[in-house]
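Trainee: I'd like to ask some things about the structure below.
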Protein chains: 2
Amino acid sequence: MKEYTEQIDIYAQLLKILGDRTRMTIFSLLKVRELCVCELTDLLEVSQPAISQHLRKLKLLNVVKERKNGQWVYYSLREPKENERMLKAIIEHLPDLTDALKELDQKGISCKI
Amino acid sequence: MKEYTEQIDIYAQLLKILGDRTRMTIFSLLKVRELCVCELTDLLEVSQPAISQHLRKLKLLNVVKERKNGQWVYYSLREPKENERMLKAIIEHLPDLTDALKELDQKGISCKI
DNA sequence: TTATAATATAATTATATAATTATATATTAA
DNA sequence: TTAATATATAATTATATAATTATATTATAA
């Protein structure tokens, strides 16, 4: 079996990291548009450090990227490479959270956490 | 957010259960053909109770089904329903373990665990 | 019937994980 | 400068998970 498990390990790790409700929500939100940590903290029901730690895992897995702008750090999905077919497929089937972000936009974000 | 999280929870649980190297291997093997517990135990490097426990989780998630034949229990993938798009996509992209099973067939299975 | 084989379940243990609180770092504004 | 904001990291705690060993259950064979 060992000859066959390398790819399986890679996939298993991908699914394990995405297989968490908080990270899956973050991931789905970032599919809509890039968001800063304070927006994610505002949207989800966990603390800011928890968000940062989840983002670190997603970054280690190389599925999100960050962009620094002043004191804010904006995260977004990293475009999957051509050979990352499973990741692509997962992203395609993610639930659409556009409406959840519309609510955020309407009330106007207050980044005071 | 709560209005949007039901589907996310379902997906997160699916990915969490499949996001384990042992279960991902079992799942990939069952994609090739149905296998009894003793064959899976023979192929993988964990104990028979561990295999049974992983199979139970996969069955709880409703992604595998079982068929009893004498003292053997054969497991196979449950055909995903039309609306289970993400599961379908994952199955499609699973690594092909046909060769690993050929080796098993050649040496002739000895179900003495 | 008794023994053996295949599988499942229970109990236990060790490890991993997610969350919180506390604190550090960096950036901007007063 | 000093204060406040945004984010990251560290330490801790509570919980979940995967594995093992031991045992139970069921089916077949001697």
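Just so it is clear, none of the values below were taken in a lab; they were calculated from the coordinates. All of these numbers come straight from a predicted model, not from anything done at the bench. When we count neighbours, we look across all protein chains shown, and the Cβ atoms used for this are built from the backbone with ideal geometry, even at glycine.
Trainee: Of (1) within 21 Å of B:L15 (Cβ to Cβ); (2) more than 17 Å from the chain's Cα centre (by Cα), A:Q71 satisfies all except one. Which?
Mentor: (1)
Trainee: Still on this model: What number goes with the only condition from (1) assigned to a helix (DSSP H, G or I); (2) more than 17 Å from B:Y11 (Cα to Cα) that B:M86 does not pass?
Mentor: (2)
Trainee: Okay, next question. Tell me which residues, restricted to the range B:16-30, are within 7 Å of another protein chain (Cβ to nearest Cβ) and surrounded by 21 or more Cβ atoms within 10 Å (Cβ to Cβ).
Mentor: Correct list: B:L18, B:M24, B:T25, B:S28.
Trainee: Applying the selection to the range B:31-71, what residues are more than 10 Å from DNA strand C (Cβ to nearest atom) and within 14 Å of another protein chain (Cβ to nearest Cβ)?
Mentor: B:K31, B:V32, B:L43, B:L44, B:E45, B:V46, B:K57, B:L58, B:L61, B:V63
Trainee: Being without any contact (Cβ under 8 Å) to a residue 12 or more places away in the chain, facing another protein chain (nearest Cβ under 7 Å) and assigned to a helix (DSSP H, G or I) is the filter here; which residues of the range A:1-14 pass it?
Mentor: A:Y4, A:T5, A:Q7, A:I8, A:D9, A:A12, listed by residue number.
Trainee: (1) in contact with a Ser or Thr (Cβ under 9 Å, 6 or more places away or on another chain); (2) more than 10 Å from chain B (Cβ to nearest Cβ); (3) touching a residue at least 24 places away in the same chain (Cβ under 8 Å); (4) among the charged types (D, E, K, R): which one isn't true of A:D96, the others all being true?
Mentor: (2)
Trainee: So which residues in the range A:23-50 are assigned to a helix (DSSP H, G or I) and under 15 Å from A:V63 (Cα atoms), if there are any at all?
Mentor: Of everything in the range A:23-50, those that are assigned to a helix (DSSP H, G or I) and under 15 Å from A:V63 (Cα atoms) turn out to be A:R23, A:M24, A:T25, A:I26, A:F27, A:S28, A:L29, A:L30, A:K31, A:V32.
Trainee: Still on this structure: So, B:L77, is that one within 14 Å of chain A (Cβ to nearest Cβ), touching a residue at least 24 places away in the same chain (Cβ under 8 Å) and away from DNA strand C (no atom under 13 Å from the Cβ) or not?
Mentor: no
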